[in-house]
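Notes to accompany the following structure.
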Amino acid sequence: RAFATNAKAGHVWDNFSSQTYKELSPVDELEFFNPFNETQPIKFKPKDKNVAPGCYRTPSLVSLWSSAPFLHNNMLGKFTGDPSVAGRMEAFNDAVEKLLWPEKRLNKASIWRTQNECALHLRKEFVPKSLQALADKDGYINIGPIPKDTPINLIANLEPDFGQLVVLQARIGKALLKIQTQNLSSEQATEELIKAVPELLAANKCPDFVEDKGHYFGTDLPDNDKRALIEYLKTL
(Lines give C-alpha, C1' and ligand atoms only; values in the text may rest on other atoms or scores of the structure.)
Protein backbone atom coordinates (compact mmCIF):
# COMPACT_ATOMS: atom_id res chain seq x y z
CA ARG A 1 0.00 0.00 0.00
CA ALA A 2 2.90 2.37 0.62
CA PHE A 3 3.67 2.10 -3.10
CA ALA A 4 0.14 3.13 -4.09
CA THR A 5 -0.25 6.26 -6.19
CA ASN A 6 -3.73 7.31 -4.99
CA ALA A 7 -2.42 10.34 -3.10
CA LYS A 8 -0.07 11.56 -5.82
CA ALA A 9 -0.84 14.57 -7.99
CA GLY A 10 -3.66 13.95 -10.44
CA HIS A 11 -4.88 10.80 -8.69
CA VAL A 12 -8.07 10.09 -6.77
CA TRP A 13 -6.84 11.20 -3.31
CA ASP A 14 -4.86 14.17 -4.63
CA ASN A 15 -6.75 16.60 -2.37
CA PHE A 16 -5.96 14.60 0.75
CA SER A 17 -2.15 14.73 0.62
CA SER A 18 0.28 17.57 1.11
CA GLN A 19 2.41 19.13 -1.57
CA THR A 20 5.52 17.90 0.21
CA TYR A 21 4.18 14.33 0.02
CA LYS A 22 3.53 14.73 -3.70
CA GLU A 23 7.09 15.96 -4.24
CA LEU A 24 8.75 13.02 -2.50
CA SER A 25 10.80 10.77 -4.77
CA PRO A 26 9.40 7.37 -5.76
CA VAL A 27 10.78 4.31 -4.02
CA ASP A 28 13.90 2.83 -5.56
CA GLU A 29 15.54 -0.27 -4.11
CA LEU A 30 14.52 -1.52 -0.68
CA GLU A 31 15.99 -4.14 1.64
CA PHE A 32 13.74 -6.59 3.47
CA PHE A 33 14.38 -9.25 6.08
CA ASN A 34 15.07 -12.59 4.43
CA PRO A 35 13.52 -15.47 6.43
CA PHE A 36 15.43 -18.00 4.31
CA ASN A 37 18.85 -16.45 4.86
CA GLU A 38 19.01 -13.81 7.58
CA THR A 39 22.51 -12.75 6.53
CA GLN A 40 21.38 -11.75 3.02
CA PRO A 41 18.54 -9.18 2.93
CA ILE A 42 16.06 -9.37 0.07
CA LYS A 43 16.77 -6.66 -2.50
CA PHE A 44 13.51 -5.38 -3.94
CA LYS A 45 12.65 -2.86 -6.64
CA PRO A 46 9.03 -2.12 -7.61
CA LYS A 47 8.28 -3.15 -11.18
CA ASP A 48 6.40 0.08 -11.80
CA LYS A 49 8.67 3.13 -11.68
CA ASN A 50 5.76 5.52 -11.08
CA VAL A 51 5.08 4.53 -7.49
CA ALA A 52 4.54 6.40 -4.25
CA PRO A 53 7.41 7.26 -1.89
CA GLY A 54 6.94 4.14 0.19
CA CYS A 55 5.24 5.81 3.14
CA TYR A 56 1.70 6.71 4.09
CA ARG A 57 0.09 10.09 4.36
CA THR A 58 0.14 11.00 8.05
CA PRO A 59 -3.19 9.96 9.61
CA SER A 60 -5.01 11.86 12.31
CA LEU A 61 -4.08 11.01 15.90
CA VAL A 62 -7.62 11.76 17.10
CA SER A 63 -9.04 8.75 18.97
CA LEU A 64 -5.85 6.80 18.40
CA TRP A 65 -6.49 5.17 21.78
CA SER A 66 -9.62 3.52 20.36
CA SER A 67 -8.18 2.02 17.19
CA ALA A 68 -5.39 -0.35 18.23
CA PRO A 69 -3.85 -2.61 16.98
CA PHE A 70 -2.02 -0.17 14.70
CA LEU A 71 -0.70 -0.08 11.12
CA HIS A 72 -2.73 -0.78 7.98
CA ASN A 73 -2.77 -4.51 8.75
CA ASN A 74 -3.61 -4.17 12.46
CA MET A 75 -0.49 -6.14 13.33
CA LEU A 76 1.18 -3.72 15.76
CA GLY A 77 -0.13 -4.68 19.18
CA LYS A 78 -2.41 -7.38 20.45
CA PHE A 79 -6.03 -7.79 19.41
CA THR A 80 -8.27 -8.05 22.46
CA GLY A 81 -11.60 -8.42 20.67
CA ASP A 82 -13.08 -6.26 23.42
CA PRO A 83 -14.83 -3.08 22.15
CA SER A 84 -15.32 -1.62 25.62
CA VAL A 85 -13.27 1.37 26.75
CA ALA A 86 -11.25 -0.90 29.04
CA GLY A 87 -10.63 -3.35 26.20
CA ARG A 88 -9.60 -0.60 23.80
CA MET A 89 -7.25 0.90 26.38
CA GLU A 90 -5.64 -2.49 26.96
CA ALA A 91 -5.03 -2.84 23.23
CA PHE A 92 -3.80 0.77 22.97
CA ASN A 93 -1.33 0.43 25.85
CA ASP A 94 0.19 -2.67 24.29
CA ALA A 95 0.32 -1.21 20.78
CA VAL A 96 1.70 2.20 21.70
CA GLU A 97 4.48 0.61 23.76
CA LYS A 98 5.51 -1.39 20.70
CA LEU A 99 5.11 1.67 18.50
CA LEU A 100 7.57 3.75 20.53
CA TRP A 101 9.84 0.92 21.70
CA PRO A 102 10.38 -1.22 18.55
CA GLU A 103 12.47 -3.73 20.50
CA LYS A 104 9.20 -4.85 22.13
CA ARG A 105 7.67 -5.82 18.79
CA LEU A 106 7.37 -9.37 17.51
CA ASN A 107 9.53 -8.43 14.51
CA LYS A 108 10.41 -11.61 12.57
CA ALA A 109 8.07 -13.60 14.81
CA SER A 110 5.21 -11.60 13.25
CA ILE A 111 5.70 -13.30 9.86
CA TRP A 112 2.57 -15.23 8.89
CA ARG A 113 3.63 -18.83 8.34
CA THR A 114 1.96 -22.09 7.48
CA GLN A 115 1.13 -23.91 10.70
CA ASN A 116 1.40 -27.36 9.17
CA GLU A 117 2.68 -29.01 6.04
CA CYS A 118 0.11 -28.21 3.37
CA ALA A 119 -0.48 -27.95 -0.37
CA LEU A 120 -2.25 -25.78 -2.92
CA HIS A 121 -5.17 -27.72 -4.40
CA LEU A 122 -5.93 -26.12 -7.77
CA ARG A 123 -8.19 -26.90 -10.70
CA LYS A 124 -6.09 -27.49 -13.79
CA GLU A 125 -8.01 -24.79 -15.68
CA PHE A 126 -6.44 -22.16 -13.44
CA VAL A 127 -2.79 -23.04 -14.01
CA PRO A 128 -0.59 -22.62 -17.11
CA LYS A 129 -1.18 -25.24 -19.80
CA SER A 130 2.32 -26.62 -19.38
CA LEU A 131 1.38 -27.75 -15.85
CA GLN A 132 -2.07 -29.14 -16.65
CA ALA A 133 -0.68 -32.55 -17.56
CA LEU A 134 0.20 -32.99 -13.88
CA ALA A 135 -3.48 -32.98 -12.88
CA ASP A 136 -4.97 -36.04 -11.21
CA LYS A 137 -7.94 -37.97 -12.62
CA ASP A 138 -10.33 -35.46 -11.04
CA GLY A 139 -8.64 -32.51 -12.72
CA TYR A 140 -6.78 -31.15 -9.71
CA ILE A 141 -3.13 -30.27 -9.27
CA ASN A 142 -1.56 -30.43 -5.84
CA ILE A 143 1.39 -28.08 -5.47
CA GLY A 144 3.22 -29.28 -2.43
CA PRO A 145 3.96 -30.32 0.13
CA ILE A 146 4.55 -26.76 1.23
CA PRO A 147 6.67 -27.07 4.38
CA LYS A 148 5.48 -26.04 7.81
CA ASP A 149 6.64 -22.48 8.71
CA THR A 150 6.75 -21.32 5.08
CA PRO A 151 5.96 -17.56 4.91
CA ILE A 152 2.40 -17.43 3.60
CA ASN A 153 3.04 -14.28 1.59
CA LEU A 154 5.81 -16.03 -0.32
CA ILE A 155 2.91 -17.63 -2.21
CA ALA A 156 0.05 -15.19 -1.62
CA ASN A 157 1.93 -12.17 -3.00
CA LEU A 158 3.05 -13.76 -6.25
CA GLU A 159 2.59 -11.57 -9.33
CA PRO A 160 4.99 -12.90 -11.96
CA ASP A 161 5.51 -11.20 -15.28
CA PHE A 162 5.67 -13.39 -18.38
CA GLY A 163 9.38 -14.10 -18.09
CA GLN A 164 9.14 -14.96 -14.41
CA LEU A 165 6.12 -17.16 -15.08
CA VAL A 166 8.08 -19.16 -17.64
CA VAL A 167 10.90 -19.70 -15.13
CA LEU A 168 8.48 -20.61 -12.33
CA GLN A 169 6.60 -23.05 -14.55
CA ALA A 170 9.81 -24.81 -15.44
CA ARG A 171 11.09 -24.94 -11.87
CA ILE A 172 7.84 -26.00 -10.20
CA GLY A 173 6.84 -28.32 -13.04
CA LYS A 174 10.16 -30.13 -12.79
CA ALA A 175 9.82 -30.44 -9.01
CA LEU A 176 6.23 -31.73 -9.17
CA LEU A 177 7.08 -34.23 -11.88
CA LYS A 178 9.96 -35.57 -9.81
CA ILE A 179 7.79 -35.74 -6.69
CA GLN A 180 5.11 -37.71 -8.54
CA THR A 181 7.21 -40.03 -10.66
CA GLN A 182 9.71 -40.90 -7.93
CA ASN A 183 7.12 -40.99 -5.14
CA LEU A 184 9.32 -38.81 -2.97
CA SER A 185 8.90 -38.65 0.78
CA SER A 186 7.62 -35.49 2.42
CA GLU A 187 11.14 -34.41 3.34
CA GLN A 188 12.48 -35.08 -0.15
CA ALA A 189 9.56 -33.24 -1.75
CA THR A 190 10.20 -30.25 0.48
CA GLU A 191 13.84 -30.20 -0.59
CA GLU A 192 12.77 -30.08 -4.24
CA LEU A 193 10.25 -27.27 -3.76
CA ILE A 194 12.63 -25.20 -1.62
CA LYS A 195 14.81 -24.87 -4.72
CA ALA A 196 12.13 -22.60 -6.19
CA VAL A 197 12.46 -19.98 -3.41
CA PRO A 198 14.75 -17.62 -5.39
CA GLU A 199 12.28 -17.60 -8.30
CA LEU A 200 9.34 -17.13 -5.92
CA LEU A 201 11.05 -14.16 -4.28
CA ALA A 202 11.84 -12.62 -7.65
CA ALA A 203 8.17 -12.88 -8.70
CA ASN A 204 6.82 -11.60 -5.39
CA LYS A 205 5.16 -8.19 -5.57
CA CYS A 206 5.92 -7.48 -1.91
CA PRO A 207 8.49 -9.78 -0.25
CA ASP A 208 8.32 -7.79 2.99
CA PHE A 209 7.20 -10.59 5.27
CA VAL A 210 7.59 -8.91 8.69
CA GLU A 211 4.11 -7.68 9.57
CA ASP A 212 4.74 -5.24 12.44
CA LYS A 213 7.62 -3.15 11.09
CA GLY A 214 7.57 0.51 10.20
CA HIS A 215 6.50 3.85 11.69
CA TYR A 216 9.54 4.64 13.81
CA PHE A 217 8.73 8.31 14.39
CA GLY A 218 9.27 9.18 18.04
CA THR A 219 11.32 6.10 18.84
CA ASP A 220 14.40 8.24 19.54
CA LEU A 221 12.66 10.33 22.21
CA PRO A 222 13.75 9.95 25.86
CA ASP A 223 11.60 7.48 27.78
CA ASN A 224 10.03 10.23 29.89
CA ASP A 225 8.93 12.06 26.75
CA LYS A 226 7.48 8.86 25.33
CA ARG A 227 5.46 8.33 28.50
CA ALA A 228 4.20 11.91 28.36
CA LEU A 229 3.27 11.47 24.70
CA ILE A 230 1.30 8.33 25.51
CA GLU A 231 -0.70 10.14 28.18
CA TYR A 232 -1.38 13.00 25.78
CA LEU A 233 -2.62 10.62 23.07
CA LYS A 234 -5.16 9.23 25.51
CA THR A 235 -6.82 12.65 25.68
CA LEU A 236 -7.44 13.10 21.95
Note to self: Of the conditions (1) out of contact with any Lys or Arg (no Cβ under 6 Å at 6 or more places or on another chain); (2) surrounded by fewer than 16 Cβ atoms within 10 Å (Cβ to Cβ); (3) closer than 30 Å to Ala91 by Cβ; (4) not small (Gly, Ala, Ser), Lys213 satisfies every one except a single condition; which number is it?
What the structure shows: (2)
Checklist line | segment 31-63: number of residues that are surrounded by 15 or more Cβ atoms within 10 Å (Cβ to Cβ) and either modelled with pLDDT under 75 or over 29 Å from Lys195 (Cβ atoms) (or both) | finding: 5
Checklist line | Enumeration of residues in segment 107-124 that are without any contact (Cβ under 8 Å) to a residue 60 or more places away in the chain and either touching a Ser or Thr at 6+ places or on another chain (Cβ under 7 Å) or of a type in the set (Val, Ile, Thr) (or both) | finding: Arg113, Thr114
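Name the helices (runs of 4 or more DSSP H) wholly within segment 85-201 that hold at least 1 residues that are farther than 25 Å from Phe44 by Cα? Even if it seems obvious, please write down each step before you answer.
Numbers: elements: 85-100, 129-132, 152-156, 162-181, 186-194.
Here the list reads 85-100, 129-132, 162-181, 186-194.
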Checklist line | Restricting segment 132-148 to residues that are buried (at least 16 other Cβ atoms within 10 Å of the Cβ) and among the aliphatic types (A, V, I, L, M), the residue that is farthest from Gln188 (Cα to Cα) | finding: Ala135
Item checked: In segment 175-209, residue surrounded by the fewest Cβ atoms within 10 Å (Cβ to Cβ) [restricted to those that are within 30 Å of Val96 (Cβ to Cβ) and in contact with a helix residue (DSSP H, G or I) (Cβ under 6 Å, 6 or more places away or on another chain)] -> Pro207
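Of a type in the set (S, T, N, Q), farther than 30 Å from Tyr216 by Cβ and at pLDDT 90 or above, is that true of Asn107?
No: the conditions fail for Asn107.
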Notebook entry, point to check: In segment 216-228, what count of residues is obtained for those that are in contact (Cβ under 8 Å) with a residue 40 or more places away in the chain and surrounded by fewer than 16 Cβ atoms within 10 Å (Cβ to Cβ)?
Noted result: 4
Check: Has segment 133-154 got at least one residue that is over 26 Å from Glu38 (Cα atoms), free of Cβ contacts under 8 Å to residues at least 60 places away in the same chain and polar (S, T, N, Q)?
Finding: yes
Checklist line | Residue satisfying all of: in segment 193-218; assigned by TED's automatic domain parsing to the domain that holds Leu158 and β-branched (Val, Ile, Thr); nearest to Pro69 (Cα to Cα) among these | finding: Val197
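The values are calculated or read from the model by the stated rules, or taken from the named source; none is laboratory data. Because the structure is predicted, anything quoted here is derived from the model rather than measured. Here the Cβ is made from the backbone with ideal geometry for all residues, glycine too, and neighbour counts use every protein chain on show.
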